[in-house]
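What follows is a set of notes on a single structure, which appears directly below.
The values are calculated or read from the model by the stated rules, or taken from the named source; none is laboratory data. Here the structure is a predicted model, which is why all the values come from computation and not from measurement. Every residue, glycine as well, gets a Cβ built from its backbone with ideal geometry; the counts of neighbours run over all protein chains shown.
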Amino acid sequence: GAVVSQHPSRVICKSGTSVKIECRSLDFQATTMFWYRQFPKQSLMLMATSNEGSKATYEQGVEKDKFLINHASLTLSTLTVTSAHPEDSSFYICSARDLIWGNYGYTFGSGTRLTVV
Amino acid sequence: AQTVTQSQPEMSVQEAETVTLSCTYDTSESDYYLFWYKQPPSRQMILVIRQEAYKQQNATENRFSVNFQKAAKSFSLKISDSQLGDAAMYFCAYRTQGGSEKLVFGKGTKLTVNP
C-alpha cells in the first residue's frame, strides 16, 4: 500500500535554530500534502496544505513565515520550523493525498516529535 | 464550515466484546467522504474504514463496521470481537469537497480494551 516516510522521528533543537522535517511518498505521487500539529491527548490540527509546485495555503492563525512549507516535487514535501521556541515543541504529522487513490483515505507519515530546549 | 463531534472522550470494552464509537458531523454538502482513523500509542495514523455519502450501504472491513445515518449526520463505528490491539485513539474525519479536500477531524475517543 501507499507509504509516506517522515523524518526525523524525533528531534531536539536549541531555541532560535531551525528544524526541517521531510515527508516522502515512496510509491505514489502526492499531489497534495497536509501538515498537522498534534498536542498531547488532542486531535490533529491542520496547519497548512501544499500542492506540488505551488505556495502552501495556511490555516488561520498559523504563521507562514515561521512554518515554511515546500512541495517541490510530487514525492517530497518539507516543513521547516524557523527560529524555533519552546512553544513550538509538539508532534508534527504529514499526510499525502494520492492523485489516483485519494478518495480511499489519505496516507499519513509516522510523525516527528519536536522538542525545543 | 464543517464540524465533526465525537462525544465520547473515552470508552472501554472487554476483550471479545463489541463497542460502538459515536460521531456526528455538520455539513451542507450532499456528497462527501467520512473516515475513521486509528492512532495507537505509536501515533501512526491508520485508516480503519471509509464511507461515501452517496452510498446507502454501510461500509464494513472485517471486524469494523459503520452505521451511517445521512439524514441524522451520524457516522458511528462498531468494533466487534474487540482485541487488545484495538486499543488506541479513534478519530472520525470528514473530507471537504472542492478546494483542498482536507480532512476535518473530531477530537477523538480513547478506546481501552480490558483483558
Which one of the conditions (1) over 19 Å from A:Arg37 (Cα atoms); (2) surrounded by fewer than 17 Cβ atoms within 10 Å (Cβ to Cβ); (3) without any contact (Cβ under 8 Å) to a residue 40 or more places away in the chain does B:Ile49 fail to meet, given that it meets all the rest?
(2)
Listed by range, strands (runs of 3 or more DSSP E) wholly within the stretch B:73-115 having at least 1 residues that are more than 14 Å from every other protein chain (Cβ to nearest Cβ), at pLDDT below 95 and under 18 Å from B:Asn58 (Cβ atoms) are none
From the set of residues in the stretch A:37-90 that are within 14 Å of the chain's Cα centre (by Cα), over 18 Å from A:Ser9 (Cβ atoms) and among the small types (Gly, Ala, Ser), which is farthest from the other protein chains (Cβ to nearest Cβ)?
A:Ala72
Assess whether A:Gly1 counts as being closer than 16 Å to A:Arg97 by Cα, assigned to a loop (DSSP other than H, G, I, E, B) and over 11 Å from the mean Cα position of the chain (by Cα).
yes
Hey, any hits in the stretch B:11-27 for a residue that's surrounded by 14 or more Cβ atoms within 10 Å (Cβ to Cβ), closer than 26 Å to A:Thr107 by Cβ, free of Cβ contacts under 8 Å to residues at least 60 places away in the same chain and within 14 Å of chain A (Cβ to nearest Cβ)?
no
Where a residue in the stretch A:61-76 is closer than 15 Å to A:Thr31 by Cβ and its partner, wherever it lies, is among the acidic types (Asp, Glu) and buried (at least 16 other Cβ atoms within 10 Å of the Cβ), with Cβ under 6 Å and at least six apart
A:His71/A:Glu52; A:Leu74/A:Glu52
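For the structure I just gave you, tell me whether A:Val4 is buried (at least 19 other Cβ atoms within 10 Å of the Cβ), within 12 Å of another protein chain (Cβ to nearest Cβ) and of a type in the set (A, V, I, L, M, F, W, C).
In short, yes.
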Would you please name the residue that is surrounded by the fewest Cβ atoms within 10 Å (Cβ to Cβ), looking only at residues in the stretch A:7-36 that are within 14 Å of chain B (Cβ to nearest Cβ) and either of a type in the set (Ser, Thr, Tyr) or under 21 Å from B:Cys92 (Cα atoms) (or both)?
A:Ser9
